[in-house]
Amino acid sequence: MTVWLHEERSSVSPYGAPDQRMVFTPERIAIEKLDGALVAERFAPRDSFAGHQMNTPWDPLHRAYFNLWTYLTTPFLLAMDAVRVEETEPWRQGSETWRVLRAYFGSIETHSLIQDFFFGEDLMLRRHDYSVNIAGGFAAAQLTSDYIDVNGIRLPSKRRAYTRGPDRRPVLEMLMVSIDISDVSFTLRSGERVCRSNA
């Protein structure tokens, strides 16, 4: 997977077949051959989720829309002009107290316009809460762990998203998404900063 750090754009290769890739922008999702031949595309991809609930089946273009751009650009995206951030009440987790930043997303395409980011005393992201508005609005709590160092930047290599109970705690029996990230690099490509990883 490749994500651009200064614009909302990503690509996954291979995707669906060894000779295919997925290309994401907020306006368009596409699956194409590595030579550029179009396999499938969808404009205004968010609109295709109208009426979806948690158990509604997704097609390959739906899955392509739900990509990892916000995950791989955190915490950098919190400093973008299109994001307003405020600190909210701290969260007590075992013997630790986590600081919580609430982010309000403006023009950034994301599955939830308001999201909470929980940071430990070492300032590393511990948890990421949001509502999956494209799938009926169910509440999710994503736990992050197993940090890796990439060019002096520390990133969580494991993300586990669970449904969130009414007490705001993750329901650990309800794992929704499991992501392992490896082989991460940051590069400058044609004047654009990008992050590449295996996820």
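The values are calculated or read from the model by the stated rules, or taken from the named source; none is laboratory data. Worth saying up front: this structure is predicted, and the values here are computed from it rather than measured. Cβ: placed from backbone, ideal geometry, glycine included. Neighbour counts: every protein chain shown. Areas reflect the complete protein model, heavy atoms only, side chains present, ligands, DNA and RNA absent. Shrake-Rupley method; radii C 1.70, N 1.55, O 1.52, S 1.80 Å.
Some notes on this structure:
- Residue count for the range 84-113, restricted to those that are of a type in the set (A, V, I, L, M, F, W, C) and modelled with pLDDT under 95: 3.
- Entry remark, the range 6-22: residues being over 16 Å from residue 199 (Cβ atoms) and either open to solvent by less than 60 Å² (accessible area, probe 1.4 Å) or among the aromatic types (Phe, Trp, Tyr) (or both) number 3 in total.
- Residues (in a strand (DSSP E or B) and in contact with a Pro (Cβ under 8 Å, 6 or more places away or on another chain)) located in the range 149-189: 162, 163, 164
- Residue in the range 110-127 that is outside any strand (DSSP E or B) and touching a residue at least 40 places away in the same chain (Cβ under 8 Å) present: yes
- In the set 112, 107, only one residue is of a type in the set (Gly, Ala, Ser), open to solvent by 50 Å² or more (accessible area, probe 1.4 Å) and within 26 Å of residue 27 (Cβ to Cβ); that residue is 107.
- Given (1) on the phi > 0 side of the Ramachandran plot; (2) touching a His at 6+ places or on another chain (Cβ under 8 Å); (3) at pLDDT 95 or above, index of the condition residue 136 fails: (3)
- Filter result (of a type in the set (Val, Ile, Thr) and over 15 Å from the mean Cα position of the chain (by Cα)) within the range 113-150: 148, 150
- Residue list for the range 92-104, restricted to those being open to solvent by 30 Å² or more (accessible area, probe 1.4 Å) and under 18 Å from the mean Cα position of the chain (by Cα): 101, 102, 104
- Total residues in the range 32-59, condition open to solvent by 40 Å² or more (accessible area, probe 1.4 Å), within 25 Å of residue 128 (Cα to Cα) and touching a residue at least 12 places away in the same chain (Cβ under 8 Å): 4
- Unique match (being of a type in the set (Gly, Ala, Ser), closer than 20 Å to residue 77 by Cβ, in contact with a Leu (Cβ under 9 Å, 6 or more places away or on another chain) and surrounded by 19 or more Cβ atoms within 10 Å (Cβ to Cβ)) among 161, 141: 161
- Test: residue in the range 146-154 that is modelled with pLDDT of 95 or more, more than 21 Å from residue 67 (Cβ to Cβ) and of a type in the set (Ser, Thr, Tyr): yes
- Of all residues in the range 178-194, those that are touching a residue at least 60 places away in the same chain (Cβ under 8 Å) and more than 21 Å from residue 144 (Cβ to Cβ) have Cβ atoms under 6 Å from Cβ atoms of residues that are open to solvent by less than 70 Å² (accessible area, probe 1.4 Å) and of a type outside the set (Phe, Trp, Tyr), 6 or more apart or on another chain, in 193/5; 194/2; 194/187.
- Considering (1) exposed (fewer than 11 other Cβ atoms within 10 Å of the Cβ); (2) over 20 Å from residue 142 (Cβ atoms), the lone condition that residue 89 does not fulfil carries the number (2).
- Residue identified as in contact (Cβ under 8 Å) with a residue 40 or more places away in the chain and among the hydrophobic types (A, V, I, L, M, F, W, C) among 132, 171: 132
- Candidates 125, 175, filtered to the one that is at pLDDT 95 or above, over 26 Å from residue 27 (Cα atoms) and crowded, with 19+ Cβ neighbours inside 10 Å: 125
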